[in-house]
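Worksheet: one structure, shown below.
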Amino acid sequence: MSTHPSFSVFRTTFLLLCASCVQHTFASVGILDSDTLLPPNSNGPQKPILPSHNIKNDFESPWSHKPICARSTSLSSPGKKYCVYTSNLTGPAGMSMIVSPSIAAEAAPLLNDNPLDNFLTLDQAEQLYSGNPPYKVVEIEGKGMGVIATRPIAKFETIMVDQAAVVVALNIEKMVGKKEARRLLHTAVEQLRVPGEVRGLSGEHKASSEGDAKEGEQGKIEEDVMLTNAFGSEIAGIDCRALFPLISRINHACNPNAFVLFSRAGISMAVKAYRPIAPGEELSISYITLGQPSRNRAAALARWGFSCTCPLCSLADHEKQHSDILRSLISQSEGKILELAQAGRLDDAIALTEESIQMIEEEQQEHFLTDSYALLAKLWLVKGDRGRAEVEARKSFDRLVQMGFLGNGVGNSEREWEEWDLEGFLEVVGEGMVAVVPPKPEDAV
Ligand SMILES: *[C@@H]1O[C@H](CO)[C@@H](O)[C@H](O)[C@H]1NC(C)=O
């Protein structure tokens, strides 16, 4: 038997699990079955977001503008070029990247990273693009703009999809200096099809219209927008800030009712519901790594320029303390579980994992559950109870499917059952278990 054939297919295109890592796209456990991508000429809804591969001009497709560049003055790579690359027909607003030429070349094929292919079935796409999406952007008292649900939204439903409009190498300022970085950024936004989609995210924009930006201040509005609205993402192998204009309208909460999902390429993104959401309820996502105690949250949120006033941060002191204790127990438990398992104390490890799952549920940290169930399955497998391992692993798998981490759901679950392979699944899901790998069948007694 070949090893895990189903997963080798799946692994061609990982989605990134970013329920718990909006800023850090490392925990990639998602899987996209490439067979399930929308056929190019299907009779589905017209794709409103067009790839841009048929543009002809003097510079290379898919770019629509001549690259504008600056040279690095950093000692680490003096003279290295960083340029603005724009593809103004990509995505809902066009897309500009500020990266080195080699990264641009790597990123070019990724621009075709249509959210429709990554996150939606045809039915869902039809609903989202019927001109009647389940949300609207409104003014929220005390918070500026925000997004509210306009009809009941089901748990794990895809609420919104978006594509990056501006992508900037994280180290750009260090490389070319602040002034050049701003100049490039200004150009990057200017060349978009709808620059206002980006500039409109700035509170300051209303006061000073583009054009009469003060001397030396060019690019400042765009810089502010990036600092306060962009997500961290990894695109073409480098750390970037990526601005998703629509998704960035959604406000922060520490226990949000929605989460985001990056495509593998990092260029498209979906927002999905964590729980059922009622009409009129504000949508929220976490801007920071989920599961942190209050003090760490405050520090992490300071970088986004606001202090946390979400319900969790506004709890009475004793409730906040209780929440903080649970959170630190949850985050410590994985290490303890591994220690126990390595010491051969499997029953204790299993008991602690079950306890941890209860705490996770109490603290509404559901995004941790897929890993926890996978961990539990691994422990049962090591203990030699394959039946229990199957049950727990299925819980993990089913959640990943429901949450959208295994692709757009076009492949039906029956087929997935057919391809189900316990060891293969446990190899891809849940980290930190290297030391507790189940014995290979031939080694088993
Ligand atoms: C896209 O860029 C091309 C080339 O610069 C330009 O001719 C065209 O008008 C732009 N299209 C839009 C919609 O901005």
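Quick grid of which residues meet (1) over 21 Å from the mean Cα position of the chain (by Cα); (2) acidic (Asp, Glu):
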{"position": "Leu111", "(1), (2)": "no, no"}
{"position": "Thr121", "(1), (2)": "no, no"}
{"position": "Leu128", "(1), (2)": "no, no"}
{"position": "Glu139", "(1), (2)": "yes, yes"}
{"position": "Gly144", "(1), (2)": "yes, no"}
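Can you name the residue in region 335-369 that is among the hydrophobic types (A, V, I, L, M, F, W, C) and free of Cβ contacts under 8 Å to residues at least 24 places away in the same chain and, of all such residues, is least open to solvent (accessible area, probe 1.4 Å)? Among them, the one singled out is Ile357. Residues that are within 12 Å of the ligand (Cβ to nearest atom) and either under 15 Å from Ile235 (Cα atoms) or not assigned by TED's automatic domain parsing to the domain that holds Ala181 (or both) within region 91-119 comprise Met95, Ser96, listed in sequence order. Out of curiosity, is Leu400 in a helix (DSSP H, G or I), within 26 Å of the chain's Cα centre (by Cα), within 20 Å of Arg275 (Cβ to Cβ) and at pLDDT 80 or above? The answer is yes for Leu400.
Can we say Glu431 is modelled with pLDDT of 50 or more, open to solvent by 30 Å² or more (accessible area, probe 1.4 Å), within 21 Å of Ala343 (Cα to Cα) and under 28 Å from the mean Cα position of the chain (by Cα)? Here the answer is yes, as Glu431 does meet what is asked.
Each row is one residue, and each column tells you yes or no for (1) within 17 Å of Val168 (Cα to Cα); (2) at pLDDT 95 or above; (3) within 11 Å of the ligand (Cβ to nearest atom).
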{"residue": "Gly44", "(1), (2), (3)": "no, no, no"}
{"residue": "His53", "(1), (2), (3)": "no, no, no"}
{"residue": "Ser61", "(1), (2), (3)": "no, no, no"}
{"residue": "Ser72", "(1), (2), (3)": "yes, no, no"}
{"residue": "Ser76", "(1), (2), (3)": "no, no, no"}
{"residue": "Gly79", "(1), (2), (3)": "no, no, no"}
{"residue": "Leu89", "(1), (2), (3)": "no, no, yes"}
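Here is a yes/no grid of residues against (1) open to solvent by less than 50 Å² (accessible area, probe 1.4 Å); (2) closer than 24 Å to Tyr287 by Cβ:
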site	(1), (2)
Ser314	no, yes
Ile330	yes, yes
Ser333	yes, no
Lys378	yes, no
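Only one of the numbered conditions (1) under 14 Å from Gln364 (Cα atoms); (2) surrounded by fewer than 18 Cβ atoms within 10 Å (Cβ to Cβ) is not met by Asn296, and that is (1).
The values are calculated or read from the model by the stated rules, or taken from the named source; none is laboratory data. Keep in mind the model is a prediction, meaning the values are calculated, not measured. All Cβ positions, even for glycine, are placed from backbone atoms using ideal geometry, and neighbour counts span all protein chains on display. Keep in mind that these areas ignore ligands, DNA and RNA; they rest on the heavy atoms of the full protein, side chains included. Shrake-Rupley method; radii C 1.70, N 1.55, O 1.52, S 1.80 Å.
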